[in-house]
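Below you'll find the structure, written out as structure tokens, and then a few comments.
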Amino acid sequence: MPEGISRRDAVAALTGVAASVWAAADARIAQAVTYAAQARAGQAYQALTATQARELDAVTATLVPTDDTPGAREARVVRFIDRSLATWAKDQKPEMNAALTALGDFTAAKRGGNRSFAAVPAAERTALMEEFEKAHADHFNGAFWFPTMAGMFANPSYGGNANKVGWKLVGFTDQFSWSPPFGYYDRG
């Protein structure tokens, strides 16, 4: 990330771009919507293995952590990504597999053979993810950053952004009229 920009500011700035990249698919998105919105904890994943889902959960929770505000886990980002990869984004599954493999290799090289990013203590994941981003920007952006942002901030009807936690994070007010205020930034 550029210096002087916090992670939260970067998330807010890139929200629209990332969401539009992943949410600009055809009618197959409706399948992802229904599944991701109804998937229960412990339910089998459709495109990801349990190990891949665990690793991806650690990645997304590092990118949008739960702190004093909800993060990627509360927004059900991994379920959104999984269903997307099983339906309208099938062509992106090889990239996700490659990115998860690259992250495992990178983690093993940095952590003495342990390939699991999820096994890295949470306090150390951000630094490791920043190093991975510098070494593998193509994997980081295409397979991790953009899908996470899409799942975090897309319209909840697409299956991510559960309970509109992403919108609350950036101060977006969900209303059906196109008149101000549109969010925290123009409330008088």
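The values are calculated or read from the model by the stated rules, or taken from the named source; none is laboratory data. Computed from a predicted structure; not experimentally measured. All Cβ positions, glycine included, derive from the backbone under ideal geometry; neighbour counts span all protein chains shown. Side chains are part of the model used for accessible areas, which takes the heavy atoms of the whole protein and leaves out ligands, DNA and RNA. Shrake-Rupley method; radii C 1.70, N 1.55, O 1.52, S 1.80 Å.
Taking the criterion of being without any contact (Cβ under 8 Å) to a residue 60 or more places away in the chain and under 20 Å from ALA50 (Cα atoms), the residues of segment 107-121 that qualify are THR107, ALA108, ASN114, ARG115, ALA119, PRO121.
The lone criterion from (1) outside any loop (DSSP other than H, G, I, E, B); (2) at pLDDT below 90; (3) open to solvent by 20 Å² or more (accessible area, probe 1.4 Å); (4) out of contact with any Ser or Thr (no Cβ under 7 Å at 6 or more places or on another chain) left unmet by VAL33 is number (4). Of everything listed in (1) open to solvent by 70 Å² or more (accessible area, probe 1.4 Å); (2) at pLDDT 65 or above; (3) over 20 Å from ALA119 (Cβ atoms), the single unmet condition for GLN38 is (2).
Of the residues making up segment 165-177, those that are in contact with a helix residue (DSSP H, G or I) (Cβ under 6 Å, 6 or more places away or on another chain) and part of a helix (DSSP H, G or I) are VAL165, GLY166, VAL170.
Conditions tested, residue by residue: (1) among the hydroxyl-bearing types (Ser, Thr, Tyr); (2) touching a helix residue (DSSP H, G or I) at 6+ places or on another chain (Cβ under 6 Å).
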| position | (1), (2) |
| --- | --- |
| TYR45 | yes, yes |
| ALA50 | no, no |
| LEU56 | no, yes |
| VAL64 | no, yes |
| ASP67 | no, no |
| PHE80 | no, yes |
| TRP88 | no, yes |
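Can THR87 be described as closer than 15 Å to ALA47 by Cβ and either in contact with a Cys (Cβ under 6 Å, 6 or more places away or on another chain) or of a type in the set (Ser, Thr, Tyr) (or both)? Yes. Among the residues of segment 47-56, the one identified as charged (D, E, K, R) and surrounded by fewer than 19 Cβ atoms within 10 Å (Cβ to Cβ) is ARG54.
From the residues in segment 87-136 that are under 14 Å from VAL59 (Cα atoms) and β-branched (Val, Ile, Thr), which one is nearest to the chain's Cα centre (by Cα)? Within segment 87-136, the match that is nearest to the chain's Cα centre (by Cα) is THR126.
Yes or no, residue by residue, for (1) at pLDDT 95 or above; (2) in a helix (DSSP H, G or I); (3) buried (at least 16 other Cβ atoms within 10 Å of the Cβ):
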| position | (1), (2), (3) |
| --- | --- |
| THR69 | no, no, no |
| ARG83 | no, yes, yes |
| TRP88 | no, no, yes |
| GLU95 | yes, yes, yes |
| ALA98 | yes, yes, no |
| ASP105 | yes, yes, no |
| GLY112 | no, no, no |
| ALA123 | no, yes, no |
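Scanning segment 115-138 for residues that are small (Gly, Ala, Ser) and in contact with a helix residue (DSSP H, G or I) (Cβ under 9 Å, 6 or more places away or on another chain) yields SER116, ALA118, ALA119, ALA122, ALA135. Residues of segment 126-164 that are assigned to a loop (DSSP other than H, G, I, E, B), closer than 18 Å to ALA98 by Cβ and either open to solvent by 60 Å² or more (accessible area, probe 1.4 Å) or of a type in the set (Phe, Trp, Tyr) (or both): none at all.
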